[in-house]
Amino acid sequence: MPEGHSVHRIARQFDRNFVGKTLSASSPQGRFAEGASLLDGRAAVSVQAVGKQMFLETEGDLWLRVHLGLYGAWDFAGEIVVDPTIASANGRMGQTNQRGTILEDPILDDAGENSLSSIGAPRRTRVHVRMSEQTKGLADEGMEWPPPVVGQVRLRLMTDITAADLRGPTACVLQTPEEMLATVAKLGPDPLVGDPVENEERFVRAVRKKPTVIALLLMDQSVVSGIGNVYRAEMLFRQRLNPHTPGRDVPEDVVRALWHDWVRLLAIGVETGQMMTMDGLTGADYRAAMANRDDRHWVYHRAGLPCRICGTEIALEEIGARKLYWCPRCQA
């Protein structure tokens, strides 16, 4: 499932390329035809990501809420202006002083996770963006416009030069402002939304009062927003915390350390597009880690392999219907 960093990257793409512009909306698949007809012709006013959900405000107090879930993804096509806070995997920034300038030769991992033109469920990019740094216009570049619909597209949003196709979301609904605020109110704190001090205190209170094990609490979106299976496993290992520890038994300083680690890891994920959870990598090691997730995680997806610290076999179990990876010795 796409985790919080991916949704924030999507929101920044929308902020740069759709906010302030009139939308053309359609539902090629047909499952969101009524909603698309209501969005069609409205201007995008603002966009916000909270955890794993994105909220796009349009004129007339109509909000589009999208939760990608396990299989959802946004594909971008046309001329894309890259947000300056989003880097390619090699750490270079996309050009932002003109439209259509995505860096050539970005490093993709084995699932294409950091693609600037397809964000969501890990998969190879299916559509294309302009790669040239010279803005000559779509017609001059010979790009087919609008781009052909590929597969089951729930919602297509377009401006005159940019298209975004939504596929396979868990939720794609329209909301009133009141409904949108009610949805956000049910979500736990997101490090990139709201007051940092208040967010930390909300997280600490929520964890410390519950008997639920910490491995489940970190995945509970009402406790903290945006953490999924990868970040959960890695954060617990980084704190050497037994995943079966009840939240109320986790020392307060460790709970705060978990929060601060999430703040840091989320920022790295948003910038690079990768869930980089190993520290201190440089040069070839860093580039290898960006290209292959098996080289950038401590325990995730390493069941049966030796722990990078103590050599103990990494354990795999199911908890809350999701896979949990952990080191029985380092996290005893």
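The values are calculated or read from the model by the stated rules, or taken from the named source; none is laboratory data. Because the structure is a prediction, the values reported are computed rather than measured. No Cβ is skipped: glycine too gets one built from the backbone with ideal geometry, and neighbour counts run over all protein chains shown. Each accessible area value is taken on the protein alone, full model and side chains, heavy atoms only, with ligands, DNA and RNA left out. Shrake-Rupley method; radii C 1.70, N 1.55, O 1.52, S 1.80 Å.
Of the residues Glu79, Glu59, the single one that is acidic (Asp, Glu), over 30 Å from Trp262 (Cβ atoms) and at pLDDT below 95 is Glu79. Scanning region 239-277 for residues that are within 23 Å of Gly69 (Cβ to Cβ) and not in a helix (DSSP H, G or I) yields Gly273, Gln274, Met275, Thr277. None of Pro243, Pro251 is at pLDDT 95 or above, open to solvent by less than 40 Å² (accessible area, probe 1.4 Å) and over 23 Å from the mean Cα position of the chain (by Cα) except Pro243. If I filter region 324-332 for residues that are within 24 Å of Leu192 (Cβ to Cβ), outside any helix (DSSP H, G or I), of a type outside the set (D, E, K, R) and touching a residue at least 24 places away in the same chain (Cβ under 8 Å), do I get at least one hit? No, region 324-332 contains no residue that is within 24 Å of Leu192 (Cβ to Cβ), outside any helix (DSSP H, G or I), of a type outside the set (D, E, K, R) and touching a residue at least 24 places away in the same chain (Cβ under 8 Å).
Pro28 falls short of the stated requirement of being open to solvent by 10 Å² or more (accessible area, probe 1.4 Å), at pLDDT below 95 and either closer than 15 Å to Arg156 by Cα or not β-branched (Val, Ile, Thr) (or both). Looking only at region 254-268, how many residues end up being open to solvent by 40 Å² or more (accessible area, probe 1.4 Å) and among the β-branched types (Val, Ile, Thr)? Total meeting the criteria: 2.
Condition check ((1) open to solvent by 30 Å² or more (accessible area, probe 1.4 Å); (2) part of a helix (DSSP H, G or I)) across all residues:
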residue	(1), (2)
Val184	yes, yes
Pro191	no, no
Val197	yes, yes
Pro211	yes, no
Ala215	no, yes
Gln221	yes, no
Val224	no, no
Ala233	no, yes
Phe237	no, yes
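Evaluate the following for Thr22: is it more than 13 Å from Cys172 (Cα to Cα), at pLDDT below 95 and open to solvent by 10 Å² or more (accessible area, probe 1.4 Å)? The answer is no for Thr22. For Asp61, the test of being in contact with a helix residue (DSSP H, G or I) (Cβ under 7 Å, 6 or more places away or on another chain), open to solvent by 40 Å² or more (accessible area, probe 1.4 Å) and of a type in the set (D, E, K, R) is passed. For region 269-312, the candidate set comprises residues that are more than 19 Å from the chain's Cα centre (by Cα) and of a type in the set (Lys, Arg); within that set, the residue that is most open to solvent (accessible area, probe 1.4 Å) is Arg287.
Picking from residues in region 153-170 that are open to solvent by 10 Å² or more (accessible area, probe 1.4 Å) and in a strand (DSSP E or B), the one that is modelled with the lowest pLDDT is Arg167.
Taken over region 211-266, the residue count meeting the criterion of being over 19 Å from Ala303 (Cα atoms), touching a Leu at 6+ places or on another chain (Cβ under 8 Å) and of a type in the set (A, V, I, L, M) is 9.
One residue stands out in region 172-229 among those that are among the aliphatic types (A, V, I, L, M) and touching a Pro at 6+ places or on another chain (Cβ under 7 Å): the one that is nearest to Glu57 (Cα to Cα), namely Val224.
Hey, does region 35-56 have a residue that's in contact (Cβ under 8 Å) with a residue 40 or more places away in the chain and surrounded by fewer than 18 Cβ atoms within 10 Å (Cβ to Cβ)? Yes: region 35-56 contains one or more residues that are in contact (Cβ under 8 Å) with a residue 40 or more places away in the chain and surrounded by fewer than 18 Cβ atoms within 10 Å (Cβ to Cβ). In the set Gly30, Gly51, which member is among the small types (Gly, Ala, Ser) and under 18 Å from Leu192 (Cβ atoms)? The match here is Gly51. Residue pairs whose Cβ atoms lie under 7 Å apart, sitting 6 or more positions apart in sequence or on different chains, and linking a residue in region 276-302 that is over 20 Å from Trp262 (Cβ atoms) to a partner that is open to solvent by 50 Å² or more (accessible area, probe 1.4 Å) and in a loop (DSSP other than H, G, I, E, B), are Asn292/Asp110; Asp294/His301.
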